[in-house]
Amino acid sequence: MVNPRIEDLLSKVDSRFTLVSLAAQRARQINAYFNQLGEGMGSSVPPQVTSAARKPLSIAFEEIAADKIIPVRVEAVEELAAEDTGDAVADEAEAE
């Protein structure tokens, strides 16, 4: 059994694909953090929740359930960038 429950996790995201992608990406980041601990580099983000789980994917699911990790849509980021560029163009036009 998965703890937290899959139904609870699905309520945090909009689709199963988003949940799988988000958890897999975060699990890779957690795994990289644990692998570099002895090297002292400190470039990876540590787990954001205290967990008894030992597997990176379980820790990633717990972070999603605790709202520590949220999905960000690429389209939303691109729209914000386009709005920022559009505002700059509008500001330049007003200055002339």
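The values are calculated or read from the model by the stated rules, or taken from the named source; none is laboratory data. Nothing here was measured: the structure is a model prediction, and the numbers come from that model. No Cβ is skipped: glycine too gets one built from the backbone with ideal geometry, and neighbour counts run over all protein chains shown.
Structure notes:
- Test: Phe34 is more than 11 Å from Phe61 (Cβ to Cβ), loosely packed, with under 12 Cβ neighbours inside 10 Å and among the hydrophobic types (A, V, I, L, M, F, W, C): no
- Residue match in the stretch 16-24 (condition: exposed (fewer than 11 other Cβ atoms within 10 Å of the Cβ), farther than 21 Å from Asn3 by Cβ and either touching an Asp or Glu at 6+ places or on another chain (Cβ under 7 Å) or modelled with pLDDT of 85 or more (or both)): yes
- A Cβ distance below 9 Å, combined with a sequence gap of six or more or placement on separate chains, defines the contacts here; from the stretch 5-19, residues that are of a type in the set (Val, Ile, Thr) reach residues that are not in a loop (DSSP other than H, G, I, E, B) in the pairs Ile6/Arg16; Ile6/Leu19; Ile6/Phe61; Val13/Leu19; Val13/Leu22; Val13/Ile64.
- Search result, residues across the stretch 21-74 that are closer than 17 Å to Ser11 by Cβ and of a type in the set (A, V, I, L, M): Leu22, Ala23, Ala60, Ile64, Ala65, Ala66, Ile69, Ile70
- Residues that are part of a loop (DSSP other than H, G, I, E, B) and of a type in the set (Lys, Arg) within the stretch 1-46 comprise Arg5, Lys12, listed in sequence order.
- If the condition is being within 18 Å of Ser21 (Cβ to Cβ), at pLDDT 80 or above and either of a type in the set (Lys, Arg) or assigned to a loop (DSSP other than H, G, I, E, B) (or both), then the stretch 64-79 contributes Asp67, Lys68, Ile69, Ile70, Pro71, Val72.
- Test: residue in the stretch 47-63 that is assigned to a helix (DSSP H, G or I), under 20 Å from Asn3 (Cβ atoms) and in contact with a Lys or Arg (Cβ under 7 Å, 6 or more places away or on another chain): yes
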